[in-house]
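Chemist: Dropping a structure here in structure tokens format, bear with me for questions.
The values are calculated or read from the model by the stated rules, or taken from the named source; none is laboratory data. Predicted model, so just to flag it, every value in this text is computed and none were measured. All Cβ positions, even for glycine, are placed from backbone atoms using ideal geometry, and neighbour counts span all protein chains on display.
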Amino acid sequence: MIDKKKIPCIAGSSGLVGSFLIENLSKLYPKIFSISRREIKFSQNNIFNTIVDFDNLENENILKKIDHLYIALGTTRKKAGSAKNFEKVDYHYCINLAKIAFDNGIKRISIVSSVGSNSNSNLLYPRTKGKLEEELAKLPFDHVSIMKPGIILGNRKESRIGEKIAKYIFSFISPLLFGVLAKYKSIHANDISKAMIYQVSIGKNGFFQLEYEKIMKFSKK
């Protein structure tokens, strides 16, 4: 049973998964907070957006009001402009936010990572995601759930050419992925958001990493 007295917060609410988190959480809770770098206007009257400086999160106090945190921050190497800036968003912003959340008494969080994450990878994207997951595991939250999807389906506000090509290719490949390869199947952002909400709101205590099959399982709860 969802405790409607709890107050959830979404970081990355303008993104693909974040937008579905906003939509679905707004139907479940009377009050929701969104934190962002720029102003976002929502049609729902129970969503309150606060602009924060992610480079100086220690100076922000918005998380003192929050019970549950959802992190859906992310960018691309191209949009970030450099590997350093990509890591700043996908690693430093995320882990700093998680640490400050814990310091402010938040006990339950969920975050979007990626299938194939590996801190020892020579590739920027899986290495960054792997480092983030390892650091999150060190924080003693009551609950941490990490979503590890493959290609994320849905209509983005921004255009990502490489992702569009990958989505097209995986539309043919995904039905052929079974067994150990099933984790690489493409998955809709709405299903990811629903699995995150279930895990944070109702899920057991512990540290959980969810790939395709488990994300789909909990999205149906």
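Chemist: Of Ile7, Ile51, Ile62, which residue is over 16 Å from Lys194 (Cα atoms) and in contact with a His (Cβ under 9 Å, 6 or more places away or on another chain)?
Modeler: Values: Ile51 fails: in contact with a His (Cβ under 9 Å, 6 or more places away or on another chain); Ile62 fails: in contact with a His (Cβ under 9 Å, 6 or more places away or on another chain).
Going through Ile7, Ile51, Ile62 in turn, just one is over 16 Å from Lys194 (Cα atoms) and in contact with a His (Cβ under 9 Å, 6 or more places away or on another chain): Ile7.
Chemist: Next question, about the same structure. Output the residue which, of all residues in segment 165-210 that are within 13 Å of Ile151 (Cβ to Cβ) and assigned to a loop (DSSP other than H, G, I, E, B), is modelled with the lowest pLDDT. Talk me through it step by step, then tell me what you get.
Modeler: Applying the first criterion (within 13 Å of Ile151 (Cβ to Cβ)) to segment 165-210 yields 165-174, 177, 183-189, 191-192.
Right, trim to assigned to a loop (DSSP other than H, G, I, E, B) and you get 177, 185-186.
Details: Leu177: 75, Lys185: 90, Ser186: 89.
Selected residue: Leu177.
Chemist: Out of (1) under 22 Å from Lys148 (Cα atoms); (2) modelled with pLDDT of 95 or more; (3) in contact with an Asp or Glu (Cβ under 9 Å, 6 or more places away or on another chain), the odd one out for Lys79 is which?
Modeler: The number of the failed condition is (2).
Chemist: For the condition closer than 23 Å to Ile32 by Cα, free of Cβ contacts under 8 Å to residues at least 24 places away in the same chain and not small (Gly, Ala, Ser), what is the one hit in Asn59, Asn122?
Modeler: Details: Asn122 fails: closer than 23 Å to Ile32 by Cα.
Testing whether each residue is closer than 23 Å to Ile32 by Cα, free of Cβ contacts under 8 Å to residues at least 24 places away in the same chain and not small (Gly, Ala, Ser) leaves just Asn59.
Chemist: Kindly establish whether Ile40 is surrounded by fewer than 19 Cβ atoms within 10 Å (Cβ to Cβ) and at pLDDT 95 or above. Outline the logic, then answer.
Modeler: On the way: surrounded by fewer than 19 Cβ atoms within 10 Å (Cβ to Cβ): yes; at pLDDT 95 or above: no.
Answer is no for this residue.
Chemist: Give segment 73-123 a look and list any residue that's closer than 27 Å to Ser186 by Cα, among the small types (Gly, Ala, Ser) and part of a loop (DSSP other than H, G, I, E, B), or say none.
Modeler: Gly74, Gly81, Ser82, Ser113, Ser114, Gly116, Ser117, Ser119, Ser121
Chemist: Sticking with this one: Looking at the structure I just gave you, is Ser117 over 22 Å from Asn56 (Cα atoms), out of contact with any Asp or Glu (no Cβ under 9 Å at 6 or more places or on another chain) and modelled with pLDDT of 95 or more?
Modeler: Numbers: over 22 Å from Asn56 (Cα atoms): yes; out of contact with any Asp or Glu (no Cβ under 9 Å at 6 or more places or on another chain): no; modelled with pLDDT of 95 or more: yes.
Against the criterion (over 22 Å from Asn56 (Cα atoms), out of contact with any Asp or Glu (no Cβ under 9 Å at 6 or more places or on another chain) and modelled with pLDDT of 95 or more), Ser117 does not qualify.
Chemist: Residues to consider are Lys194, Lys221; find the one that is surrounded by fewer than 19 Cβ atoms within 10 Å (Cβ to Cβ) and either farther than 18 Å from Ser117 by Cα or of a type in the set (S, T, N, Q) (or both). Don't jump to the end; show me each part of the working.
Modeler: Numbers: Lys194 fails: surrounded by fewer than 19 Cβ atoms within 10 Å (Cβ to Cβ).
Within the list Lys194, Lys221, the selection yields Lys221.
Chemist: If you don't mind, there's one more thing I want to ask. Based on this model, can you work out whether Ser82 counts as touching a Leu at 6+ places or on another chain (Cβ under 9 Å), over 29 Å from Pro30 (Cα atoms), without any contact (Cβ under 8 Å) to a residue 24 or more places away in the chain and not basic (Lys, Arg)? Steps first, please.
Modeler: Details: touching a Leu at 6+ places or on another chain (Cβ under 9 Å): no; over 29 Å from Pro30 (Cα atoms): yes; without any contact (Cβ under 8 Å) to a residue 24 or more places away in the chain: yes; not basic (Lys, Arg): yes.
No.
Chemist: For segment 45-68, what are the residues that are assigned to a loop (DSSP other than H, G, I, E, B), over 17 Å from the mean Cα position of the chain (by Cα) and surrounded by 12 or more Cβ atoms within 10 Å (Cβ to Cβ)?
Modeler: So in segment 45-68, the residues assigned to a loop (DSSP other than H, G, I, E, B) come out as 45-46, 52-53, 60-61, 66-67.
Applying the additional criterion that residues be over 17 Å from the mean Cα position of the chain (by Cα) yields 45-46, 52-53, 60-61.
Answer for segment 45-68, where residues must be assigned to a loop (DSSP other than H, G, I, E, B), over 17 Å from the mean Cα position of the chain (by Cα) and surrounded by 12 or more Cβ atoms within 10 Å (Cβ to Cβ): Asn46, Val52, Glu60.
Chemist: Okay, moving on. List pairs: first residue in segment 201-221 and within 16 Å of His143 (Cα to Cα), second residue of a type in the set (Ser, Thr, Tyr) and not in a helix (DSSP H, G or I) anywhere in the structure, Cβ distance under 7 angstrom, at least six positions apart or on different chains.
Modeler: Gly203/Ser145; Phe208/Ser145; Leu210/Ser145
Chemist: Under 9 Å between Cβ atoms, at least 6 apart or on separate chains: pull out the pairs that start in segment 97-112 with a residue that is buried (at least 16 other Cβ atoms within 10 Å of the Cβ) and end on any residue that is part of a strand (DSSP E or B) and at pLDDT below 95.
Modeler: Filtered contacts from segment 97-112: Val112/Ile152.
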